[in-house]
Amino acid sequence: MTLFAPGSTQRLVVKVGSALLVDADGRVRRDWLATLVADVAERVAAGQQVAIVSSGAIALGARRLALPKGGRASLEDAQAAAATGQIALAQVWAELLADHRLAAAQMLVTLGDLEDRRRYLNAAATLGRLLALGAVPILNENDSVATEEIRFGDNDRLAARVAQAAGADGVVLLSDVDGLYDANPATHPGARHIARVERIDAVAGMADATSGSGLGSGGMMSKIAAARIATAAGIPFAIASGRVDRPLSGERVHTLFVAERTATARKAWLAGGLTAAGSIRIDAGATAALAGGGSLLAAGIVAVEGGFGRGDLVTIDGPAGPVARGLAEYDAAEARRLIGHRSDAQAAILGYAPRAAVVHRNHLALL
């Protein structure tokens, strides 16, 4: 079956890696890109809405500025390369899409744009309007202002978060590999290709962090992390090779990560968050209560870490690891005072009537 064919998928996000867009000399692979745009145009004509997450700005800008190490020798170099390369990259996309009478629209986003709820909703509204108008949004992380501490770090996870914001029905990562293998095929010639993944936890240990081209920032680990974000939001996710012309046409070898469950838009946003202001460790009883649809109560808390405030996103860790993410009803100092205490003792500790939970189930998403 063709990857997320128009008849089965109304809205698609396609991520294109740096190694596909830019050659080893730092030049745009325009002839190949034209074949991908032809695929996109064909899908749009068939009624599918397509958004593209495009890498390549840093690699392209590094050549124009003659920067060492592909523009990644320092954060300042990467920011300068991104600022220079992004304008050239957008121009190429716009020209090639215009050849098919399609309008390109550029959106540069930061981690905060998709982690802050209000800004996330604004980005989602813009994406939705552009797609409804028949434009092809071209998205990238705004690397010219992003810092090491506040950034996605790779466009794989950005693509998954964009898919959530866009309400997409599928994500395709076009890469220099044709999917997931049970070992690194570059070093293990007999590695077996995995065509379908039902549970990500079963394959997470097969990936490494290496970017085969040296141009990008992602490896298979970042792709699996992106798959986890998308599938948790009910969005199927595929990794396919872009080392062919017309990579979205015909039968293609790929790995499909099956959507594990559906989620409300708010809970998908919570589960897919990449930053958290702190963490709360809980016991086995509280872990079971959350799995059964309950809220997090202070009686089940073992420890509180970080300096979060009320309303901040926190991770919730059970005895075996992370189990949920949610919005705290108390700040960290108050939560620490409540550790292990039942509701009937909390008013005396706080000096006011306690809230219903430390993290309410309506503001909590299981992982």
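The modelled label-to-label distance for the pair Ala303/Gln106, using points 7 Å beyond Cα in the direction of Cβ, is 4.7 nm. The angle between the Cα long axis of helix 117-132 and the longest principal axis of the Cα atoms of the chain comes to about 30 degrees, rounded to the nearest 10.
For segment 302-367 versus segment 21-52, the spacing of their alpha-carbon centroids is 47 Å.
Between the amide H of Leu180 and those of Ile194, Thr255, distances stay under 5 Å, these residues lying 5 or more places away or on another chain, with hydrogens modeled in the peptide plane. Taking amide H positions as modeled 1.01 Å from N, with prolines and chain starts lacking one, the residues under 5 Å from Val302 and 5 or more places away or on another chain are Arg281, Ile282, Asp283. Computed from backbone phi, the HN-Hα couplings of segment 14-19 come to 10, 9, 10, x, 4, 5 Hz, rounded to whole numbers (Karplus: 6.51 cos²θ - 1.76 cosθ + 1.60, θ = phi - 60°; Gly and Pro given as x). Once the Cα atoms are used to define both axes, helix 220-232 deviates from the longest principal axis of the chain by about 60 degrees. Note on Val258 and Asn184: with the Förster distance fixed at 25 Å, the Cβ-Cβ geometry gives a FRET efficiency of about 0.60. The phi-based Karplus calculation (6.51 cos²θ - 1.76 cosθ + 1.60; θ = phi - 60°) puts the 3J(HN,Hα) values of segment 36-46 at 5, 4, 4, 4, 4, 4, 5, 5, 4, 4, 8 Hz, whole numbers, x for Gly and Pro.
Taking each residue as 0.36 nm, the span from Ala73 to Ser249 lengthens on full extension beyond its C-alpha to C-alpha distance by 59.6 nm. Under 5 Å from the amide H of Val197 lie the amide H atoms of Leu256, Phe257, Val258, each residue being 5 or more positions distant or on a separate chain, with H modelled from the backbone and absent for Pro and chain starts. Across segment 185-192, coupling constants 3J(HN,Hα) worked out from phi with the 6.51/-1.76/1.60 Karplus curve, θ = phi - 60°, read x, 5, 10, 10, x, x, 4, 9 Hz, and Gly and Pro carry x.
The accessible surface of segment 18-99, taken with every protein chain in place and a 1.4 Å probe, is 51 percent carbon and sulfur. From helices alone, the chain scores -10500 deg cm²/dmol at 222 nm; the rule is -39500 (n - 2.57) for each run of n ≥ 4 DSSP H residues, then divide by the residue total. The modelled label-to-label distance for the pair Tyr352/Asp23, using points 7 Å beyond Cα in the direction of Cβ, is 6.5 nm.
Using only Cα atoms, find the angle between the long axis of helix 155-166 and the longest principal axis of the chain, and express it within 0 to 90 degrees, rounded to the nearest 10. Orientation of helix 155-166: about 70 degrees from the principal axis. One chain, two ends: Asn362 and Leu65. Fully extended at 0.36 nm per residue, the span grows by 101.9 nm beyond their Cα-Cα distance.
Averaging 1/r over each pair of different alpha-carbon atoms in segment 267-366 and inverting the result gives 13.1 Å, the Kirkwood hydrodynamic radius. Each residue, Leu133 and Arg342, gets one label point 7 Å from its Cα in the Cβ direction; the gap between the two is 6.0 nm.
The values are calculated or read from the model by the stated rules, or taken from the named source; none is laboratory data. Fair warning: this is a prediction, and the values are worked out from it, not measured in the lab. Methodologically, a virtual Cβ is constructed for each residue, glycine included, from the backbone with ideal geometry; neighbour enumeration extends over all protein chains shown. Accessible surface is based on the protein model in full, side chains and every heavy atom, while ligands, DNA and RNA are left aside. Shrake-Rupley method; radii C 1.70, N 1.55, O 1.52, S 1.80 Å.
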